[in-house]
Each structure stands twice: as C-alpha cells, then as structure tokens.
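All of the numbers you see were taken from the coordinates with simple rules; none came from a lab. These figures come from a predicted structure and were not determined experimentally. Note that we place each Cβ from the backbone using ideal geometry, even for glycine, and neighbour counts take in every protein chain shown.
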Ligand SMILES: Cc1ncc(COP(=O)(O)O)c(C=O)c1O
C-alpha cells in the first residue's frame, strides 16, 4: 500500500489470505495503480507478491503519467456476466467521456513499448542493490525508526525515540518539515504522516540515486537539528 | 519569504489537493516549469531531483521525447474519440491487446477510464453488477485494509483509510461500506474499532455574508 505510507505485506501474506477469500467466495480486486508497469521489478505487483487476483485496476505508470488514463482488466467470468446483463437490460450502462481517450491510449502503447525495448524492468532490478544499500544506511539515522520497501518504492518512518518507536506529536509535522529542508537542498519527496515516501522515476541511475539520498541525508540532519532546537523529543 | 509573482497568482487562483490551504500563502507553492529525466525546474530555474515520480507515476521521468512525440502524433491524427455506442479506435484496441498480453491474470476485455479512482470505482460497480447478474443482490460488501488508499471518489474514498480523505467524502452511513466491511484483513491485531458515523463536531466555518448573498442570488438573474 503506497499512499497510506508504503506498507509492505510480510512474506507469505497473500498466500495465507487467498485460501480464505476462496473459501468465502470473495472476489479479489488488485489495485495495481502504483505497482503496475515495473515499479517492483516485475510488470505487476501481483507477480512480486505472489497474488492471484480476479481482476486488476491500472493507471499512473501505464502512460508514465504523460496523460490521464486508467483501466479495469475484466476477467472472462465478469465479461460473460456483462454480456448476459446486456441481453436482459439492453446495454452496458457505464463509461466515461474520456475513457480510452486516444491521447492516453497512444501514450500507453508507446510507454509500454519503451518499457520493453529499453528493458526498464531490467534497469529497475539493476539499480535495486544501490537503492536498498542507501535505504539501509538511513536506518542508522537518529530520526529513522523504520525503513520499508518493495522494488523501487520505499517509506522511511520518522520517530521520536528509536528504542520505543514513539511517534512525534502529529502537530509537530516533523516529516513535512524535513520535506521543506529537502526542497531547499534541491530534491522532492513526499511526506505521508511521519513517513517519507520515495518512488523515483524508474529510469533513475545509480549516480542519481546517490544524489537523491545524499540530499535526503542532509535534510534529515537539518531536521534533527531543528527537532533538538525545538525540544520536540521531550514533548 | 515574500511570494514571487507566479506564486501569488497561483495562491489566488488554484485549489491545491492535500495541502494545508490555511497556510498556503505562508508555505508558498513550488511552481514548476519544465522537466528533464529525473529533474524538474521551478520558475526561478532552480533544479530539483524528483524522487517521487510526481505522484508515483512518471515512470520514464520528465521530458521523454519519444513518448511526447507519440502523443503529439496522435493528437494530430485523431485528437478525440470515444468508445460509447460501439465506436472504436486503433490506440484503444492496441493498448487493450497489450494489457491482455502483459497481465498475469486471465483478461477477457479492458475497460478504460481516466484515473485510478475511476478504475476502482468501476471495480465496485462491476463486482455488484456481477453479483446481481448471478442473482446475489445482497452480496455487496467490500473489504479494504487499514491504511489503504484507493482514490477519492465518493465510493473509493470510503475504501480509503485516511482521516483527511474520508472527512471530505464518505459513504460510511450506507450499507455498502459499513465499518465492519472496512475492517482490516491485513493484520487483525491492528484492527481498531470504528465509529459508525462521523463524530459530531462543531462547525468550523460560517459563510461570510457576501458568500451567502451570492449563493442566494435568484436563478432568474444570470448576472455574469
Ligand atoms: C493505489 C492507488 N489506487 C488508486 C489511486 C487513485 O488514483 P487517482 O488519483 O488517479 O484517482 C492512487 C493514487 O495515488 C493509488 O496510489
């Protein structure tokens, strides 16, 4: 889960969940809006996480975001039901004016072609050791309570106390302050609560990852100084 | 720091999502002008390394010429058409074929929309439609997980576990998304009790007299 703070399921989670879904005849909808198209080093997060969903939602990287586009991948048993309902009701009464816009679809076709011919999945896998190494280094920072990642997406959670993982008072806005320091240092990431999300363009090189993480480390140091000056730990 | 001209225009004209609007003038928006690779540049020409691919989406970075050219070409050829009433067009067909080929699941057809929220909103409708078709009209509950984010439409916001999102749009009071339906299956130990309705809270805003006056202006006077 991305925008909730990059929560990574523990190994075996989906393997454990899926028999329960099957037992209770519960459809499994896979939201691939972030993980789709290479983010985790495979085409879809489902492949990385051992998921066997019934249907998937895709958007975002489908066009590399050069135009808005989303899609639902409709499995055969759904489509049969849609056909049957059309026979009964007259037609399938759902759709958007811009659904399947030619600009978005042309960009989707081209983006996927580029992902394939430039081997973007291979590139993601090749920079992952650097990404993971720089993430691991953050774990030593006095503000960093937890680092979570899967493929080329990560969450760095800031805490007031490393041992107890005590959180900062939400009003202090520590991660937001860190983002302001980071911007001054020439980098953009995103704060979600106390978590800093990292999800660079998949084309990022090792040298660029170093630059990004160097600036993040500096911003964390700036934040540490500010936390000390403001006495936010004692609060 | 005083706002630059373009920042001042921005704060007077644009609503910024997921932004503390009460502090926008003080924070000052970062107004971006162009991008290249993993870098973006603001209107002052300052460079930033962009570590979020925008909102987890610009996978090829900013300013990929080959991709931009494909868009420009399509705009010149057929800038718009739709799929309603059995109309079709090559880009949609080709992309749908590609998705069928790439997906790790069995895909019969592809339904296109414009965003992740619309895709997930459609998922809920399709699940209900499917169950209706099977004669199971009561099978309507959706389980989403603690800390999930699935979008901001009325339906998908109610599948999203983020207080600032649900406070603006939620259908928790309807049968489709009762708190039990939203109970986590991710990690039962972390499940928290949920209120069945939003907590009563004092109004945080009273419209100014001018705003109220505007809204009341009779529909018969199209004063524009
Ligand atoms: C996993 C996931 N689903 C759905 C959405 C909603 O997508 P959109 O903002 O395009 O409506 C997002 C957006 O961040 C997302 O991360």
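Pull up the stretch A:1-12, narrow it to residues that are at the interface with chain B (Cβ under 8 Å from one of its Cβ atoms) and free of Cβ contacts under 8 Å to residues at least 60 places away in the same chain, then point me to the one that is nearest to the ligand (Cβ to nearest atom). Taking the candidates together, the pick is A:1.
Of the residues making up the stretch A:13-42, those that are in a loop (DSSP other than H, G, I, E, B), over 13 Å from the mean Cα position of the chain (by Cα) and more than 16 Å from the ligand (Cβ to nearest atom) are A:24, A:25, A:26, A:27, A:42. Return the residues of the stretch B:83-106 that are more than 19 Å from residue A:86 (Cβ to Cβ) and either within 16 Å of the ligand (Cβ to nearest atom) or at the interface with another protein chain (Cβ under 7 Å from one of its Cβ atoms) (or both); say none if nothing qualifies. Answer for the stretch B:83-106, where residues must be more than 19 Å from residue A:86 (Cβ to Cβ) and either within 16 Å of the ligand (Cβ to nearest atom) or at the interface with another protein chain (Cβ under 7 Å from one of its Cβ atoms) (or both): B:89, B:91, B:92, B:94, B:95, B:98, B:99, B:102, B:103, B:104, B:105, B:106. State the number of residues belonging to the stretch A:54-91 that are closer than 30 Å to residue B:34 by Cα and without any contact (Cβ under 8 Å) to a residue 60 or more places away in the chain. The number of residues fulfilling the criteria is 14.
Kindly indicate whether residue A:156 is crowded, with 19+ Cβ neighbours inside 10 Å and away from chain B (no Cβ under 14 Å). The answer is no for residue A:156.
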